[in-house]
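Chemist: Let me begin by handing over the structure; questions about it come next.
The values are calculated or read from the model by the stated rules, or taken from the named source; none is laboratory data. Just so we're clear, the structure is a prediction, and the values are computed from it rather than from any experiment. Quick reminder, even Gly has a Cβ in these numbers, built from the backbone with ideal geometry, and neighbours come from all protein chains shown. What goes into the accessible areas is simple: the full protein's heavy atoms, side chains included, and nothing from ligands, DNA or RNA. Shrake-Rupley method; radii C 1.70, N 1.55, O 1.52, S 1.80 Å.
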Amino acid sequence: MKFTEDHEWIKIEGETALIGITAYAAKALGDVVFVEPPELGAEFSKGDDMAVVESVKAASDVYAPIDGEVVAVNERLADAPELVNQDPEGEGWFCKLKAANLEDVNGLMDRDSYIKFCDGL
Amino acid sequence: MVPFAGYDMPVQFEGVKAEHLWTRDKAGLFDVSHMGPCFLSLKTGLRPGDETAHRDIAQLVERLVPSDIQNLKPGQARLSVLLNDQGGILDDLIITRPSNTQKNGSLYVVVNGAVKEQDWALLEDKLGDLLTLERADQSHALMALQGPKAEQVLAKAVPEVQDLDFMQACEVSFLGHNMLISRLGYTGEDGFELLCPAEAAVICAEWILSDERVQPIGLGARDSLRLEAGLCLYGQDMDASRTPVEAGLAWTIQKSRRSRADFPGAPQILNQLENGPAARRVGIKPLGRAPAREGVQIFIGDKALGAVTSGGFAPSLGHPIAMGYIASEYGEPGTQIDLDIRGRRHAAEIVALPFIPAQYKRKRKTKA
């Protein structure tokens, strides 16, 4: 699993990449009440607004960690947005991208680097 | 912590939702020291026991607000609005007549933190020849204790609070410190605001928080609580472009003032009272799960009819809620509307305010 400075995680599974927000982000956002996932088939470049996560507090953008096309979204979040808080790096995944270039993930942080990054915030 | 109105303010402690529900169920302590408490007094001096001294200062303040200040009883507080010459709202404020008639000729006024400097400059500019304004925002802390257990908690140290009705205030000794306690708030719950000398603020806050029924509450829950209660946030739900009639605050203009028609913007406001405003503040219930926040446009079909001014998720109700302005003819509860959230239409409905019934303690019977 790799991490971005915007607190997304990305997990490579073959040609595709599963994406969500980190436990750190989920805790900082507080109670998630709504997730607006990307549309199936949508194509994103790294850094594009891809989805929106709304907590009681505020709406926050989720950015594409790599270039790719959306091949699946987590339909369960529509009725159970609290999964993002309960299991942010598992059941609370947002979407699956077909990576345009799998090597893009190499530039992202590993868990140790990400933990150090969060400690510095 | 976040910067807010020039102060570092806590957004949340345990979490917005948990703090919100705790306040509705038990009691929450809010540090609202960023607000603008001040005392106004006649330059010619107080006149202990003299009713005409209250009348004199009330008449001066009434030049800037549309509420009846003259008929305030000792210890009575009233919500009002500062108006510009077009009847636009410059701020909302609470004006309290001291409970002690020895202080006739003075008023306690609390304005919003974000605009306190300009409010006070306006008061100085318009009334400074005749009134002395003593700001109390540096010398004092302002705390709010809100929720169904607030009275029981506070009464352990200050039994006098049990005798206060909603919108009444008294001066008391709390842990040996002089304090001005008002029975009001910004949550829709029963509760109190305490103006406390700065040097006593920490000890008083710690005493209150030592009660297991009390938790500290941040700005996030303060916002969700007031939104459920249908209460306006200045700068969002009202501003200088809105009159009290449009903002649903016509009730702050008592009959006596309507008949005297002597407040700023009276022609515009009385005309709106007679004929109805073009737009008005309404409650909005999104029918799906997507919260509609400030700036979301309201449509019926292709017609843009207004915008959301405050919105979010209502923890006590379990669904999103919002307030906004809509063309008056579409403002009836039950009207079906669409909200444009990030380019997608979401169905919603106009609903009556408040979203949850207020729990204020009114007309307490005297104990035998």
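Chemist: Provide the solvent-accessible area of B:Ser259, counting protein heavy atoms only and rolling a 1.4 Å probe, rounded to the nearest 10 Å².
Modeler: The accessible area of B:Ser259 comes to roughly 100 Å².
Chemist: What value does segment B:36-135 have for Rg/Rh, both radii from Cα atoms and Rh as Kirkwood defines it?
Modeler: 0.94
Chemist: When Rg is the radius of gyration of the Cα atoms in segment A:2-119 and Rh is its Kirkwood radius, what does Rg/Rh come to?
Modeler: 0.93
Chemist: Across the residues of A:45-56, average count of Cβ atoms on other protein chains within 10 Å?
Modeler: Partner Cβ neighbours, averaged per residue: 3.
Chemist: With chain B treated as a Gaussian network of Cα nodes joined by springs under 10 Å, which of B:Gln146, B:Gln59, B:Gln168 yields the largest mean-square fluctuation?
Modeler: Among B:Gln146, B:Gln59, B:Gln168, the largest mean-square fluctuation in the Gaussian network model of chain B belongs to B:Gln59.
Chemist: Could you work out how far the C-alpha centroid of segment B:63-116 sits from that of segment A:20-45, in angstrom?
Modeler: Centre-to-centre (Cα) distance: 46 Å.
Chemist: Now, a different point. Using a 1.4 Å probe and counting only protein heavy atoms, how much accessible surface gets buried when B and A come together, both sides summed, in Å² to the nearest 100?
Modeler: Counting protein atoms only, the buried area is about 1400 Å².
Chemist: Trypsin sites (Lys or Arg not before Pro), restricted to segment B:280-345: which are DSSP loop and have at most 16 other Cβ atoms within 10 Å? Mind dumping the intermediate values first?
Modeler: Working: sites: B:Arg280, B:Arg281, B:Arg289, B:Arg293, B:Lys303, B:Arg342, B:Arg344, B:Arg345; in loops: B:Arg289, B:Arg293, B:Arg342.
Listed in order of number, the matching sites are B:Arg342.
Chemist: For chain B, what does -39500 (n - 2.57) per DSSP helix run (n ≥ 4), summed and divided by total residues, give at 222 nm, in deg cm²/dmol to the nearest 500?
Modeler: Working: 8 runs with 74 residues, N = 368.
It lands at -5500 deg cm²/dmol.
Chemist: Which translational diffusion coefficient, to the nearest whole µm²/s, is obtained for the protein assembly as shown from the Stokes-Einstein equation, given a Kirkwood hydrodynamic radius over C-alpha pairs, 37 °C and 0.692 mPa s?
Modeler: Estimated via Stokes-Einstein, D reaches 133 µm²/s.
Chemist: Could you work out the local net charge near B:Tyr7, counting Lys and Arg as +1, Asp and Glu as -1, over the other residues with Cβ closer than 14 Å to its Cβ?
Modeler: On the way: positive: B:Lys116, B:Arg222; negative: B:Asp8, B:Asp31, B:Glu117, B:Asp137.
Neighbour charge sum, excluding B:Tyr7 itself: -2.
Chemist: Could I ask something else about it? Starting from the residue with the highest accessible area, list A:Phe3, A:Phe44 in decreasing order, probe 1.4 Å.
Modeler: Correct descending sequence by accessible area is A:Phe44, A:Phe3.
Chemist: Right, next: How long is the gain from B:Lys156 to B:Asn178 if the chain were fully straight, where each residue apart is worth 0.36 nm and the alpha carbon distance is subtracted?
Modeler: 6.3 nm
Chemist: Computing the accessible area with a 1.4 Å probe over protein heavy atoms, can you report the carbon and sulfur percentage for chain B?
Modeler: Answer for chain B is 51 percent, counting heavy atoms of protein chains only.
Chemist: Starting from the residue with the highest accessible area, list A:Glu91, B:Glu199, B:Glu349, B:Glu117 in decreasing order, probe 1.4 Å.
Modeler: Numbers: A:Glu91 85, B:Glu199 150, B:Glu349 55, B:Glu117 105 Å².
Correct descending sequence by accessible area is B:Glu199, B:Glu117, A:Glu91, B:Glu349.
Chemist: Shifting gears a bit: I need the trypsin sites (Lys or Arg not before Pro) found in segment B:64-171, filtered to DSSP loop residues with at most 16 other beta carbons within 10 Å of theirs.
Modeler: The qualifying sites are B:Lys156.
Chemist: Kindly provide the Kirkwood hydrodynamic radius of segment B:278-368 in Å, to one decimal, from all pairs of distinct alpha carbon atoms.
Modeler: 13.8
Chemist: Check cross-link reach from B:Lys149 to the lysines: straight Cα distance under 30 Å, and skip same-chain residues fewer than eight apart.
Modeler: Correct list for B:Lys149: A:Lys27, A:Lys57, B:Lys17, B:Lys26, B:Lys73, B:Lys285, B:Lys361, B:Lys363, B:Lys365, B:Lys367.
Chemist: Carbon and sulfur atoms: what percent of the 1.4 Å accessible area of segment A:2-119 do they account for?
Modeler: Numbers: 2490 of 5510 Å².
Here it works out to 45 percent.
Chemist: For chain B, what is the largest minus smallest coordinate of the Cα atoms on each principal axis, given in angstrom and ordered from greatest to least?
Modeler: Here the Cα extents, ordered largest to smallest, are 62, 51, 45 Å.
Chemist: Next question, about the same structure. Of B:Ala157, B:Ala221, B:Ala169, which has the largest mean-square fluctuation in a 10 Å C-alpha GNM of chain B?
Modeler: Most flexible of the set in this elastic network: B:Ala157.
Chemist: Ok, one more. With contacts defined as alpha carbon pairs under 8 Å and 6 or more residues apart, what's the relative contact order of chain B in percent?
Modeler: 19
Chemist: Further, regarding this structure: Between B:Leu82, B:Leu175, B:Leu21, which gets the highest mean-square fluctuation from a Gaussian network model of chain B, Cα cutoff 10 Å?
Modeler: B:Leu175
Chemist: Give the separation of the Cα centroids, segment A:69-121 to segment B:18-49, in Å.
Modeler: Measuring centre to centre over Cα atoms gives 45 Å.
Chemist: Right, something else. Can you pull the mean other chain C-beta count within 10 Å for peptide B:10-19?
Modeler: Mean inter-chain Cβ contacts per residue within 10 Å come to 4.
Chemist: Kindly rank A:8-17, A:111-120 from highest to lowest mean number of other beta carbons found within 10 Å of each residue.
Modeler: A:8-17, A:111-120
Chemist: Using a 1.4 angstrom probe, figure out how much accessible area the protein assembly as shown has per residue, in square angstrom, rounded to the nearest whole.
Modeler: Each residue of the protein assembly as shown exposes 43 Å² on average to a 1.4 Å probe.
Chemist: Still on this structure, I have one more. Note every residue of segment B:268-307 with a reduction of at least 10 square angstrom in accessible area, all protein chains present versus the isolated chain, computed with a 1.4 Å probe, or write none.
Modeler: B:Arg289, B:Ala290, B:Pro291, B:Arg293
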